[in-house]
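One structure is given below, encoded as structure tokens.
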Amino acid sequence: MLVVWLLTMAVGSTVALAEGKSSVTYPENSLGLTLQSAMLIDADTGQVLYQVNQDQPRPPASMTKMMTEFIVLEEIAAGRLKWDGIVTTSEAAASTPKDGSQIYLAEGDKHTVKDLYIAMAVGSANDATIALADHIGGNEQGFVDKMNETAKTLGLNSAHFTGATGLDETTLISAADMAKFAAIILKKHPEFLDYSKLPSYKFRERDDNPMINYNWMLETNKDTKALKQYAYPGVDGMKTGYIGAAGYCFTGTAERDGIRLIAVVMGAKSKGSRFLEAAKMFDYGFNNFERKTVVAPKTTLDNAKTATIKKGVSTEVPVVTATDITFLVKKGVEPKIEQTKLSLMTEDELVAPIKNGQKVGAVTYSYTDADTGKAIEKTVDLISTEEVEKGSWWRLLFRAIGDFFVGLFNGIVGLF
């Protein structure tokens, strides 16, 4: 029955869209994507690999719930919320419109934060989402205020939230900011994927059937007959969405050979096509790019081997890069990568004692994409590799006397 239902929904939604929105036009793009906007980035660096109308704010539909999920994870990390904490279903949550995804909560029902979170992540349950929003924000509006404050703090400049679920048409965000936000989630809360990759979840023991994850692209669907055409190697998240004003949307992520990509699809023409369009972008990214490490971690640069310090036992400290400098570059093309900026802190800024691993400067490298001519920069810190204790009063006195006579001698020599 489940297979029949899935196939019926897929075919039915495609036909309905074809009949009801035959006049929809889609922007031209080199990958032939049929959608309104899109973005493909490297999750690690944020490097943009492909984009279509990426800065146009559009309704994200239920991808809005990614912000709700993020805030829940933030609350848990801060100790203000616990996975096993009990949430009492509010009247607003129980009154969620019945024509959307839900788990049919009744007012006063009590469930754990974890169960409601999974219902939101896997089944996109609107009532579970409102229940959590009310619990955290006092009511949905209070939570929406928190959503917008969070978006502002994270630099999601196109984002404007008017609801926690995404059912409203007035919530807006661009594909570029959606991809940026997805990367932030994965870096701050990698446990997000523990829930987004669940293929199904039974909310109550008495429920006849489990919730089925709306993300048909999950790699785990490769053995499910009705969904295997959409399953993609390495996909383990993140969120789907649909309302009429938004079209079919999807923010997905896939990892292969140590490379994790994020693809955002907004305004696709059908429930299944959003995954096929994401697959085209993933194929483009994995087939055409590879990692190129320009500088390994803890590397000594030829033009920044030491930094000068003041009032130390020694006058210099060895310097290395704190992390690696890596770009995704086109396969088979010798990349144009060069050091563009180097700055070391002055000795007035570096006064002993100096700690091992202390930041003493920064270096920037730039990679120019041969196809677009666009330069991508990456900056990493330069750090000290030794501790330098503060020099004794006698050591500093004799060093000052020595510096004085060296300066005097050089001044005299300069007269002749």
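The values are calculated or read from the model by the stated rules, or taken from the named source; none is laboratory data. Note that the coordinates shown come from a computational prediction; the quantities given were computed from them, not determined experimentally. Heads up, the Cβs are rebuilt from the backbone with ideal geometry, glycines too, and the neighbour counts pull from every protein chain shown. Accessible surface areas use protein heavy atoms only, side chains included; no ligands, DNA or RNA. Shrake-Rupley method; radii C 1.70, N 1.55, O 1.52, S 1.80 Å.
Is the stretch 12-170 rounded, prolate or oblate when judged by the Cα gyration tensor, a ≥ b ≥ c being the square roots of its eigenvalues, rounded requiring a/c under 1.5 and prolate requiring a/b larger than b/c? Taking the square roots of the gyration eigenvalues as a ≥ b ≥ c, the stretch 12-170 is oblate. Based on DSSP H segments of at least four residues, each scored -39500 (n - 2.57), the chain has a per-residue ellipticity at 222 nm of -10000 deg cm²/dmol.
Of the GluC sites (Glu not before Pro) found in the stretch 47-119, those that fall in a DSSP loop while having at most 13 other beta-carbon atoms within 10 Å are 107. Between rounded, prolate and oblate, where does the stretch 224-383 land on the alpha carbon gyration tensor, with a ≥ b ≥ c its root eigenvalues, rounded for a/c under 1.5, else prolate if a/b exceeds b/c? Prolate.
In the chain, the portion of solvent-accessible area held by carbon and sulfur atoms comes to 52 percent [1.4 Å probe, whole percent, DNA, RNA and ligands not counted].
Under 5 Å from the amide H of residue 47 lie the amide H atoms of 42, each residue being 5 or more positions distant or on a separate chain, with H modelled from the backbone and absent for Pro and chain starts.
The 1.4 Å probe gives accessible areas that order 260, 206, 291, 80, largest first, as 206, 80, 291, 260.
Return the single residue from 261, 350, 81 with maximal mean-square fluctuation; model: Gaussian network over the chain, springs between Cα atoms under 10 Å. Fluctuation is largest for 350.
Taking 0.36 nm per residue of separation and subtracting the Cα-Cα distance, full extension of the segment from residue 359 to residue 301 would add 19.4 nm. Length available on full extension from residue 55 to residue 331: 0.36 nm per residue minus the Cα-Cα distance, which gives 96.6 nm. Pair-distance distribution P(r) for the chain, from all Cα-Cα distances in 10 Å bins starting at 0: 4, 19, 24, 20, 13, 9, 5, 3, 1, 0 percent. What the chain shows is 48 Å² of accessible area per residue, with the surface traced by a 1.4 Å probe over protein heavy atoms. Annotation: amide H of residue 101 within the under-5 Å range of 126, sequence separation 5 or more or interchain, hydrogens built in the peptide plane. Extension gain, residue 82 to residue 208: 0.36 nm times the residue separation minus the Cα-Cα distance gives 42.5 nm. Once backbone amide H atoms are built at 1.01 Å from N, residue 386 has 357 as its partners under 5 Å, excluding neighbours fewer than 5 places away on the same chain. Report the Cα centroid-to-centroid distance between the stretch 209-246 and the stretch 285-326 in angstrom, as an integer. A separation of 42 Å, based on Cα centres.
Got the relative contact order for the chain handy, in percent, Cα pairs under 8 Å and 6 or more residues apart? Relative contact order, the chain: 14 percent.
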